[in-house]
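The values are calculated or read from the model by the stated rules, or taken from the named source; none is laboratory data. The shown structure was predicted, so the numbers you read here are calculated from the model rather than taken from an experiment. Neighbour counts run over all protein chains shown; Cβ positions are idealised from the backbone, glycine included.
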Amino acid sequence: MTSKDIIEASRDLLDEKATAKFLDTSPGTLTVWRSTGRYNLPFIKIGRNVRYRRADLIVWLEKRTRETGATA
């Protein structure tokens, strides 16, 4: 992996505030989801910091997309 690849990959990482804004929720909600496992939303721990890959968020949203009113 080149330094350019590393820089590009780091731009793809969102902190909790940016992720909450992207998903139209709150950072506290993300904390609850992580601690309870309510949603299988992939995240990365870097020390005490939590980061989310933008690509993972998009895939997660696509999996949750429904074409009918059915919730199952």
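Close Cβ contacts (under 6 Å, 6 or more residues apart or on different chains) running from residues in region 46-72 that are surrounded by 10 or more Cβ atoms within 10 Å (Cβ to Cβ) to residues that are at pLDDT 90 or above and assigned to a loop (DSSP other than H, G, I, E, B) comprise Val50/Phe43; Tyr52/Phe43; Asp56/Pro42; Trp60/Leu41.
Of all residue pairs spaced 6 or more apart or on separate chains, those with beta-carbon atoms under 9 Å, a first member in region 26-38 that is closer than 14 Å to Asp15 by Cβ and a second member that is acidic (Asp, Glu) and in a loop (DSSP other than H, G, I, E, B) are Pro27/Asp15. Please go through region 1-30 and give me each residue that is among the polar types (S, T, N, Q), at pLDDT below 95 and either in contact with a His (Cβ under 7 Å, 6 or more places away or on another chain) or under 21 Å from Val59 (Cβ atoms) (or both), ordered by number. Ser10, the sole residue that qualifies.
When region 21-44 is examined, which residues are found to be in a helix (DSSP H, G or I) and either under 15 Å from Ala55 (Cα atoms) or of a type outside the set (A, V, I, L, M) (or both)? Show your work before the answer.
Residues of region 21-44 in a helix (DSSP H, G or I): 21-23, 27-36.
Once the filter is applied, which keeps residues that are in a helix (DSSP H, G or I) and either under 15 Å from Ala55 (Cα atoms) or of a type outside the set (A, V, I, L, M) (or both), region 21-44 yields Lys21, Phe22, Leu23, Pro27, Gly28, Thr29, Thr31, Trp33, Arg34, Ser35, Thr36.
Scan region 14-24 for residues that are surrounded by 12 or more Cβ atoms within 10 Å (Cβ to Cβ) and either more than 16 Å from Pro42 (Cβ to Cβ) or touching a Leu at 6+ places or on another chain (Cβ under 9 Å) (or both) and the total you get is 7. Selection of region 45-72 for residues being of a type outside the set (Lys, Arg) and either touching a Ser or Thr at 6+ places or on another chain (Cβ under 6 Å) or part of a helix (DSSP H, G or I) (or both) yields Tyr52, Ala55, Asp56, Leu57, Ile58, Val59, Trp60, Leu61, Glu62.
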